[in-house]
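Peer 1: Take a look at the following structure, please.
The values are calculated or read from the model by the stated rules, or taken from the named source; none is laboratory data. All of these numbers come straight from a predicted model, not from anything done at the bench. Reconstructed Cβ throughout: ideal geometry from the backbone, glycine too, with neighbour counts over all protein chains shown. For accessibility, only protein heavy atoms count, side chains too; no ligands or nucleic acids. Shrake-Rupley method; radii C 1.70, N 1.55, O 1.52, S 1.80 Å.
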Amino acid sequence: MPFRSIRFQIVLWHMLILSLALLLFGTILYHNLTLKISDDTDDVLRSRAKGIQQSIDTYWEAERIDIAEGDTKIHLSKEDNINFIRIARRWVSEKINDPDLINIVVRIFDAHGNPIASSRNIPMEHLNERVFYDVKKGASHFENSYLDVNERPSSFRIFTTPVMENKRLSYIVQVASPLSQLHNVYRNLRFSLLFLLPLTVIVTGLTGIFLVQLTLRPVNQMIETIHQITAENLKLRLKMPGTKDEIEALAQTFNEMITRLDEAFTSQRQFMEDISHELKTPLSVLKGELEVTLKRIRSTHEYETTLHSSLEEVNHLAGMVESLLTLARFDAKTTTLQAQKLDLNVLVKEAVEAIQVLAVQKNIDLQYNSAHSVEIVADKNQLKRLVLNILDNAIKYTPEAGNIFVDLRQQKDSVNIEITDTGIGIPESELPYIFDRFYRVDKSRSSVGFGLGLSIAKSIAMAHGGNIFARANHPQGTVFTISLPVKTK
C-alpha cells in the first residue's frame, strides 16, 4: 500500500517533525514579539508622559515668573492652583495636534484625582480609585482598560504617573494608546504565522516527495532487476548506483548474496548430476547382472556368483549413502563428537599400521616418523577415519613402488599431520576444489572411490576446530596437512 511505503513514511515523518518544530518556533516567536511590542508601547507611553510633564512644567515656570512679577524666588504651588489648571488646559489645547501625540490620549488630573484637562472628548470622571491609590504613594501604573472616546468605548493601554513636588503629589499625568493598533499587529502576525507555517510544511512535503523519489530511484531499479532474477537466471546482477551510500552498500550486499546463491545452486546442481552418475553405474551393473541371470535357468554356482556381485554393488551403494548421511550430519551440525583425551602419536601410528596392507599390495613404501607423545582432546574414531581417508587417497593415486611419508609436527597452539606422497599430483588450479563432493581431478577415474572421502575428511577436521589443506609436492606428488588445535581439556 502507498501509505505503508518507505517514501510516504519518510515524507510524513519529515512533515510531522517540521510541523512540530515550526509550531514551537512560531509560538516562541509570537510570544516574544508580542512581549517586545508591548514593552515598546509601554516605553513610548512612559517617554510621552515624561515629555508632557516637562512641557507643562515649562509652561508653569513661565507663568509663575509672570505672576511673581519677575521674582524667581517666589514659590507658587501647583496643587489646587487655578492658574495651573488654566495652564494645563491651555497646554492640552495647544498640543492636541502635535505629531508625537496624534494617537495618544492625554489626561491631566489634580492631586485629588479630579480631571482638569483631556485631549479627547472623554467624560470627565474621577481617576480610578485603585489607580489613584498607587499614584498617591508615588508609584506609576500601567493597565489595559476601556475609555469612552467620542461616546464610543475603546480599549487602551493606559499609563498613569504622579508628578511630585516637595514630596507631595502635585498633579497626575495619564497617557493612553489605543490597543486596536496592537491588536491589528498581533492579528497580522498570527495570520502570517498560521498561513506561512502550513504553507512551508506543504511546500517542504512536496519537495520532500520529489527528493525521496529521486533518492529511491536506484531502489526502484533494483526492485525491477530483482523481479527478473530466478533460479534459472542467477547470473543477473544489480547495477551499482555509484552513490557511495547505504543504497550502493545494499546493492553490493545483494549481489554478494546472489553470488553465494548462484554458487550454492550450481554446487547443488553439480552434486545432483554427480550423484546420479555415481548411482547409475552400480545400478546399471546390478540391473544387467540380474537381467542376464533371469534369461535362463542357471546353476547354483552361477546364482551364487551373481548374488555375490550384486551384494558388492549393494555394499557400494550402501557405502555411498552412509557417506552422504555422514556429510549431511556434519553440515547440519548434528554429529556429536565423543571427545576424549588421547595421544595423537599413537592414533596416527595405528592408522598407518591398519592401512599398511594396502600399501604393500602396490609395493608402496609407507613410512611414519614417530614423534613424541602429543595429547589432544578429540573423537578417536572420527579422527582415525580422517587420517585413514587421506592415507587411502594417497595410496590410490600413488603408482607402484612409490613413497608415502607421514609426519607429526607440533606447533605452539596446534599440531599438524603431514601426509606426503609421490603420486600423480594435483594441478594448482584444481587444489581449491578437491574437497568438494564427488570432485575428481581426473574425470575419467570414475571407478576409484566415491568422490566423498576428502569431503568427509575436511568436515571431520572442521568439526574439531581444525582444517585440512593440500599443496603440490614438487617435483611430484601432493602434500596434505591436517591442522588440529591442541586442547587438553
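Peer 1: Is there a residue being surrounded by 12 or more Cβ atoms within 10 Å (Cβ to Cβ) and in contact with a strand residue (DSSP E or B) (Cβ under 6 Å, 6 or more places away or on another chain) anywhere in the range 224-233?
Peer 2: Of the residues in the range 224-233, the ones surrounded by 12 or more Cβ atoms within 10 Å (Cβ to Cβ) are 225-226, 229.
The next check asks that each one be in contact with a strand residue (DSSP E or B) (Cβ under 6 Å, 6 or more places away or on another chain); those that pass are none.
Checked against the condition, which is being surrounded by 12 or more Cβ atoms within 10 Å (Cβ to Cβ) and in contact with a strand residue (DSSP E or B) (Cβ under 6 Å, 6 or more places away or on another chain), the range 224-233 yields no hits at all.
Peer 1: Would you confirm, using the coordinates I've provided, whether LEU211 is in a helix (DSSP H, G or I) and either touching a His at 6+ places or on another chain (Cβ under 7 Å) or touching a residue at least 40 places away in the same chain (Cβ under 8 Å) (or both)? Spell out the reasoning first.
Peer 2: On the way: in a helix (DSSP H, G or I): yes; either touching a His at 6+ places or on another chain (Cβ under 7 Å) or touching a residue at least 40 places away in the same chain (Cβ under 8 Å) (or both): no.
When the stated conditions are applied, LEU211 does not pass them.
Peer 1: May I pose another question? Between residues in the range 29-45 that are of a type outside the set (A, V, I, L, M) and residues that are outside any helix (DSSP H, G or I), which pairs lie under 9 Å by C-beta distance while being six or more apart or on different chains?
Peer 2: SER38/ARG157; THR41/ARG157; THR41/SER177; ASP42/PHE142; ASP42/ARG157; ASP42/PHE159
Peer 1: Further question: Can we say ALA176 is buried (at least 17 other Cβ atoms within 10 Å of the Cβ) and either aromatic (Phe, Trp, Tyr) or at pLDDT below 85 (or both)? Outline the logic, then answer.
Peer 2: Working: buried (at least 17 other Cβ atoms within 10 Å of the Cβ): yes; either aromatic (Phe, Trp, Tyr) or at pLDDT below 85 (or both): no.
No, not satisfied.
Peer 1: Continuing with this model, one more query. From the residues in the range 415-435 that are crowded, with 17+ Cβ neighbours inside 10 Å and among the polar types (S, T, N, Q), which one is nearest to PHE480 (Cα to Cα)?
Peer 2: Going through the qualifying residues, I end up with THR420.
Peer 1: Before we move on, is LYS287 modelled with pLDDT of 75 or more, assigned to a helix (DSSP H, G or I) and open to solvent by 80 Å² or more (accessible area, probe 1.4 Å)?
Peer 2: Values: modelled with pLDDT of 75 or more: yes; assigned to a helix (DSSP H, G or I): yes; open to solvent by 80 Å² or more (accessible area, probe 1.4 Å): yes.
Answer is yes for this residue.
Peer 1: Further, regarding this structure: Out of the range 303-347, which residues are over 58 Å from the mean Cα position of the chain (by Cα) and over 15 Å from VAL285 (Cβ atoms)?
Peer 2: TYR303, GLU304
Peer 1: For the range 456-489, which positions are more than 19 Å from ALA378 (Cα to Cα) and open to solvent by less than 50 Å² (accessible area, probe 1.4 Å)?
Peer 2: ALA470, ALA472, ASN473, GLY477, THR478, VAL479, PHE480
Peer 1: With the structure loaded, tell me whether GLN252 is open to solvent by 80 Å² or more (accessible area, probe 1.4 Å), under 29 Å from PHE8 (Cβ atoms) and at pLDDT 80 or above or whether it fails that test.
Peer 2: On the way: open to solvent by 80 Å² or more (accessible area, probe 1.4 Å): yes; under 29 Å from PHE8 (Cβ atoms): yes; at pLDDT 80 or above: yes.
Here the answer is yes, as GLN252 does meet what is asked.
Peer 1: Do we have any residue at all in the range 445-462 that's in contact with a strand residue (DSSP E or B) (Cβ under 9 Å, 6 or more places away or on another chain), modelled with pLDDT of 85 or more and not in a helix (DSSP H, G or I)? Working first, answer last.
Peer 2: Restricting attention to the range 445-462, the residues satisfying the condition of being in contact with a strand residue (DSSP E or B) (Cβ under 9 Å, 6 or more places away or on another chain) are 454, 457-458, 460-462.
Pick out the ones that are also modelled with pLDDT of 85 or more and you get 454, 457-458, 460-462.
Retained after the next criterion (residues that are not in a helix (DSSP H, G or I)): none.
The answer is no, given that none of the residues of the range 445-462 is in contact with a strand residue (DSSP E or B) (Cβ under 9 Å, 6 or more places away or on another chain), modelled with pLDDT of 85 or more and not in a helix (DSSP H, G or I).
Peer 1: Regarding ILE419, is this residue in contact with a helix residue (DSSP H, G or I) (Cβ under 6 Å, 6 or more places away or on another chain), within 21 Å of LYS458 (Cα to Cα) and touching a residue at least 12 places away in the same chain (Cβ under 8 Å)?
Peer 2: Numbers: in contact with a helix residue (DSSP H, G or I) (Cβ under 6 Å, 6 or more places away or on another chain): yes; within 21 Å of LYS458 (Cα to Cα): yes; touching a residue at least 12 places away in the same chain (Cβ under 8 Å): yes.
Criteria met by ILE419.
For (1) among the hydroxyl-bearing types (Ser, Thr, Tyr); (2) surrounded by 14 or more Cβ atoms within 10 Å (Cβ to Cβ); (3) in contact with a Cys (Cβ under 7 Å, 6 or more places away or on another chain); (4) within 15 Å of THR161 (Cα to Cα), each residue gets a yes or a no:
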site: LEU33; (1), (2), (3), (4): no, yes, no, no
site: VAL44; (1), (2), (3), (4): no, yes, no, yes
site: GLN53; (1), (2), (3), (4): no, yes, no, yes
site: GLU63; (1), (2), (3), (4): no, yes, no, no
site: ASN81; (1), (2), (3), (4): no, yes, no, no
site: VAL92; (1), (2), (3), (4): no, yes, no, no
site: MET124; (1), (2), (3), (4): no, no, no, no
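Peer 1: Condition check: hydroxyl-bearing (Ser, Thr, Tyr), assigned to a helix (DSSP H, G or I) and loosely packed, with under 11 Cβ neighbours inside 10 Å. Does SER276 satisfy that? If you could, list the steps in order and put the result at the bottom.
Peer 2: Details: hydroxyl-bearing (Ser, Thr, Tyr): yes; assigned to a helix (DSSP H, G or I): yes; loosely packed, with under 11 Cβ neighbours inside 10 Å: yes.
When the stated conditions are applied, SER276 passes them.
Peer 1: Taking the range 94-148, which residues are of a type in the set (A, V, I, L, M) and part of a loop (DSSP other than H, G, I, E, B)? Break it down into steps so the answer makes sense when it comes.
Peer 2: Restricting attention to the range 94-148, the residues satisfying the condition of being of a type in the set (A, V, I, L, M) are 96, 101-102, 104-106, 108, 111, 116-117, 122, 124, 127, 131, 135, 139, 147.
ILE96, ILE102, ILE104, ALA111, ILE122, MET124, LEU127, ALA139 - these are the residues of the range 94-148 that are of a type in the set (A, V, I, L, M) and part of a loop (DSSP other than H, G, I, E, B).
Peer 1: Counting only residues that are crowded, with 17+ Cβ neighbours inside 10 Å and not aliphatic (A, V, I, L, M), how many does the range 393-402 have? Reasoning before the result, please.
Peer 2: Restricting attention to the range 393-402, the residues satisfying the condition of being crowded, with 17+ Cβ neighbours inside 10 Å are 393-395, 397-398, 402.
Okay, now just the ones that are also not aliphatic (A, V, I, L, M), so 393, 397-398, 402.
Of the residues in that region, 4 qualify.
Peer 1: Answer yes or no as to whether ARG237 is more than 30 Å from TRP13 (Cα to Cα), among the charged types (D, E, K, R), more than 20 Å from the chain's Cα centre (by Cα) and open to solvent by 90 Å² or more (accessible area, probe 1.4 Å).
Peer 2: Numbers: more than 30 Å from TRP13 (Cα to Cα): yes; among the charged types (D, E, K, R): yes; more than 20 Å from the chain's Cα centre (by Cα): yes; open to solvent by 90 Å² or more (accessible area, probe 1.4 Å): no.
So ARG237 does not fit the description; no.
Peer 1: Let me ask something else about it. Restricting the search to the range 393-435, which residues are more than 15 Å from TYR368 (Cβ to Cβ) and of a type in the set (Gly, Ala, Ser)?
Peer 2: ALA401, GLY402, SER414, GLY423, GLY425, SER429
Peer 1: Residues in the range 354-383 that are within 30 Å of LYS412 (Cβ to Cβ) and open to solvent by 60 Å² or more (accessible area, probe 1.4 Å): how many?
Peer 2: Qualifying residue count, the range 354-383: 8.
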